[in-house]
Amino acid sequence: MAGAGGGNDIQWCFSQVKGAVDDDVAEADIISTVEFNHSGELLATGDKGGRVVIFQQEQENKTQSHSRGEYNVYSTFQSHEPEFDYLKSLEIEEKINKIRWLPQKNAAQFLLSTNDKTIKLWKISERDKRPEGYNLKEEDGRYRDPTTVTTLRVPVFRPMDLMVEASPRRIFANAHTYHINSISINSDYETYLSADDLRINLWHLEITDRSFNIVDIKPANMEELTEVITAAEFHPNSCSTFVYSSSKGTIRLCDMRASALCDRHSKLFEEPEDPSNRSFFSEIISSISDVKFSHSGRYMMTRDYLSVKIWDLNMENRPVETYQVHEYLRSKLCSLYENDCIFDKFECCWNGSDSIVMTGSYNNFFRMFDRNTKRDITLEASRENNKPRTVLKPRKVCASGKRKKDEISVDSLDFNKKILHTAWHPKENIIAVATTNNLYIFQDKMN
């Protein structure tokens, strides 16, 4: 890791920042999800205004060998609009909760985007030619009177400026009573799951009018409700296996071969609570906000309020690795409860080789943990050091006692500045980090 000595450590450099500079942020511009596609060439963000912005990595510049392709806007489209549920008298926000890319099969790209209720399959395609020489149409598109056509022309394709079009190919609606928190594409690339607070549904990408309910934890009497589903994901290469996490800190692994309704899990991953850390907030901070399989499929990572845990799928009784993200906040839980920050949902991600994990924190800090060297680092996404190729300086937070020169005291952390969404390029050391309404891109310093 950067700044920690050693020959193979990554030094992270500022590369780009996207988004407005001004401090007064429009609610609609707040980034709500970030996702690289399978090649890493495209990077999609969704925001609270229902928009999806896709950035494309430029081809590498041969003259400047040290500069890897920058990401520039490729396509922007309105994915979801605000709606109103008249039966329940509820407004349905347009905010994009999740984006998931499908592997590329032809020249076009496909992605799924979802708000609280409706999932859409979008096709993103390029057009750089247009037909000319119609017989029944003028060049401006008006139709001719067929009786005036005396000669027949053969239409031809002429080059034109590149146009990127986004069109909705499928709309999967009316299947969720509660808010959708996860979508995950199966490794068969034909089906996907969507999860809300109490149910998980299985869809076929071609069929919009029906889905199969595969998990339902809704009790007959809602007063007996003790937990909700917080995240769900398919295994990266075993197409019958998926996991879902709960607000009680448990992860259940289910196998769809066992039964059509996966109410009985195959495995239950849960760590017994340390009695010495028991407090009023124990249950809230043990709620899992994100679960991600490693690329290899051997491990999964979960994020709760204070830590990241790595689980081996063969061992259910405790995680094989636990990393403290911001343990210094344990003494501040009371004020974090009062300002609602304790309910923030931080996501986590793996690097391409599963050797480093990354997650966000407050004060626009984000954390990386190297699983091999057991080193960790805190970095900051800020416009202060935004000259390209500036190496990021590691940050340190002082929990108590005397503060050293470079350290930041816990009391001066800004809890309104938080990094909830991060993404790691699947093949290279390029990361995307979303602060409130800005997207930062960092890359390793290539010698």
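Using a simple charge model, +1 on the beta-carbon of Lys and Arg, -1 on the beta-carbon of Asp and Glu, nothing else, what dipole does the chain show about its Cα centre, in debye to the nearest 20?
I would put it at about 1200 debye.
When the distances between all Cα atoms of the range 225-277 are binned every 10 Å from zero, what whole-number percent does each bin get?
Computed distribution, short to long bins: 23, 48, 22, 6, 0.
Which is farthest toward the positive dipole end of the chain among Ser287, Ser89, Phe110, measuring Cα position about the Cα centre, with Cβ charges +1 (Lys, Arg) and -1 (Asp, Glu)?
Phe110
Where the accessible area of the chain is counted over protein heavy atoms with a 1.4 Å probe, how much of it, in %, is carbon and sulfur?
Taking all protein chains in place, the chain shows 48 percent carbon and sulfur surface.
How big is the accessible area of His38 in square angstrom, nearest 10, if you roll a 1.4 angstrom probe over the protein chains?
100
Which aspartates and glutamates, if any, have their Cα less than 18 Å from the Cα of Lys88, not counting same-chain residues under 8 positions apart?
Within reach: Asp116, Asp196, Asp197.
Would you mind checking which residues have amide H under 5 Å from Arg170's amide H? H placed 1.01 Å from N; only 5 or more apart, or other chain.
Leu121
For the range 292-373, what does the accessible surface come to per residue with a 1.4 Å probe? Please give it in Å².
I get 36 Å² per residue for this part.
Which value in Å is the Kirkwood Rh of the chain over different Cα pairs?
About 23.8 Å for the chain.
Report the Cys residues of the chain lacking a disulfide-compatible partner, meaning no second Cys Cβ under 4.7 Å from their Cβ.
Cys13, Cys239, Cys334, Cys341, Cys348, Cys349, Cys398, each lacking another Cys Cβ under 4.7 Å.
Listed here are the pairs Lys309/Lys427; Lys418/Lys445; Lys48/Lys248; Lys95/Lys129; which of them are more than 31 Å apart at the Cα?
Beyond 31 Å between Cα atoms: Lys95/Lys129.
For a quick check, take a GNM of the chain with Cα springs below 10 Å and name the residue from Pro155, Pro272, Pro426 with the largest mean-square fluctuation.
Pro155
Mind listing the long-range amide H neighbours of Asn213? Cut-off is under 5 Å, sequence gap 5 or more, other chains count too, H placed in the peptide plane at 1.01 Å from N.
Leu202
Please report the antiparallel percentage of DSSP beta bridges with both residues in the chain, rounded to the nearest 5.
95
The values are calculated or read from the model by the stated rules, or taken from the named source; none is laboratory data. Just so it is clear, the model here is predicted, and its values are computed rather than measured. Because the Cβ atoms are built from the backbone with ideal geometry, glycine has one as well, and the counts that use them run over all protein chains shown. Side chains are part of the model used for accessible areas, which takes the heavy atoms of the whole protein and leaves out ligands, DNA and RNA. Shrake-Rupley method; radii C 1.70, N 1.55, O 1.52, S 1.80 Å.
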